[in-house]
1. Hey, does region 89-108 have a residue that's charged (D, E, K, R) and touching a His at 6+ places or on another chain (Cβ under 6 Å)?
2. Can you tell me which of (1) of a type outside the set (Lys, Arg); (2) in a helix (DSSP H, G or I); (3) closer than 28 Å to Lys108 by Cβ is the one Ile12 doesn't meet?
3. Residue by residue through region 33-50, note down the ones that are of a type outside the set (Lys, Arg), within 18 Å of the chain's Cα centre (by Cα) and either surrounded by 12 or more Cβ atoms within 10 Å (Cβ to Cβ) or modelled with pLDDT of 90 or more (or both).
4. Are any residues in region 41-55 touching a strand residue (DSSP E or B) at 6+ places or on another chain (Cβ under 8 Å) and not in a loop (DSSP other than H, G, I, E, B), and if so, which ones?
5. Report, ordered by the first and then the second residue, all pairs with beta carbons closer than 8 Å, sequence separation of six or more or different chains, a first member in region 109-127 that is farther than 18 Å from Trp150 by Cβ, and a second member that is open to solvent by 60 Å² or more (accessible area, probe 1.4 Å) and of a type in the set (Lys, Arg).
6. Would you kindly identify the helices (runs of 4 or more DSSP H) lying entirely within region 56-170 that contain at least 1 residues that are open to solvent by 40 Å² or more (accessible area, probe 1.4 Å) and of a type in the set (Lys, Arg)?
7. Evaluate the following for Lys48: is it touching a residue at least 60 places away in the same chain (Cβ under 8 Å) and of a type in the set (Lys, Arg)?
Amino acid sequence: MSRNRQLLHEMIDKLPNVEVFNLLNYVSFIKGRYDFIHYFKKDGIVVKDHGNAQSLRIDWETEFTSSISDSMKHDIHFNEFLWHVFSNKLLCCLEGKEAKEAFDEIKKDICYVFYQNHDFAWKLECANTLEAEDFMYQQDIYVVDSNYKWTYVNTHEREYGPYFYKQSKI
C-alpha cells in the first residue's frame with residue numbers, strides 16, 4: 001500500500017461515522033468524475049481540464065440567451081438551471097429522441113462540457129465519436145461546440161430534455 005493510501009486510511013479511522021459518510025460521498029463524486037474522463041479517453045477523445053466552468057456558463061448564457069430579458073430569466077428561475085429556457089419554450093429546440101439524434105449527427109471536433117452546479121469543466125478535442133448516450137446518466141450537463149453554435153443539455157429530470165439547440169445564425 002502506498003504511503004498516501006496508508007495516511008488516508010489512518011485519517012479515516014479517526015473520523016466519526018457521519019464524517020466517513022460525507023467523505024464517502026465526496027470520494028464517490030471524485031471517482032465518478034475520474035471514470036467520466038477515462039470513458040471518453042478510451043474512444044480517442046482528448047480530454048483537457050478547462051478549469052473555469054463559471055466562464056463557460058457565462059459564455060453559454062451570453063451566446064444563447066441574449067434575446068431573453070433579465071425579468072423573464074428571473075421568472076423562469078434561470079439562475080437555478082440554464083436549461084429552463086428550453087423547458088419554458090423560450091428558445092425553439094429539439095427535445096428527447098430528436099435532440100439525441102441531432103446531437104449524434106452534428107460535427108463535434110472540439111466541445112466544452114460543464115455542469116450546472118459543479119466548478120469543473122472540460123475541453124474535448126477529436127470529439128466526433130461523442131454520442132447522446134454518453135451523457136444519459138449525467139445530470140444537468142451542458143455540451144457546447146467551441147463556437148457556441150449549438151448546445152446539448154441533459155437534465156436531472158426525466159420529463160425534461162434532453163435538449164438540442166442550434167443557433168439560427170449557422
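The values are calculated or read from the model by the stated rules, or taken from the named source; none is laboratory data. No experiment lies behind these values; they were computed from the predicted model shown. Every residue, glycine among them, receives a Cβ derived from its backbone with ideal geometry; neighbour counts consider all protein chains shown. Just the protein is used for accessible areas: all its heavy atoms, side chains included, with ligands, DNA and RNA removed. Shrake-Rupley method; radii C 1.70, N 1.55, O 1.52, S 1.80 Å.
1. No, region 89-108 contains no residue that is charged (D, E, K, R) and touching a His at 6+ places or on another chain (Cβ under 6 Å).
2. Ile12 satisfies every listed condition except (3).
3. Those that are of a type outside the set (Lys, Arg), within 18 Å of the chain's Cα centre (by Cα) and either surrounded by 12 or more Cβ atoms within 10 Å (Cβ to Cβ) or modelled with pLDDT of 90 or more (or both): Phe36, Ile37, Tyr39, Phe40, Ile45, Val46, Val47, His50.
4. Lys41, Val46, Val47, Lys48, Asp49, Ala53
5. Phe120/Arg33
6. 96-105
7. Answer is yes for this residue.
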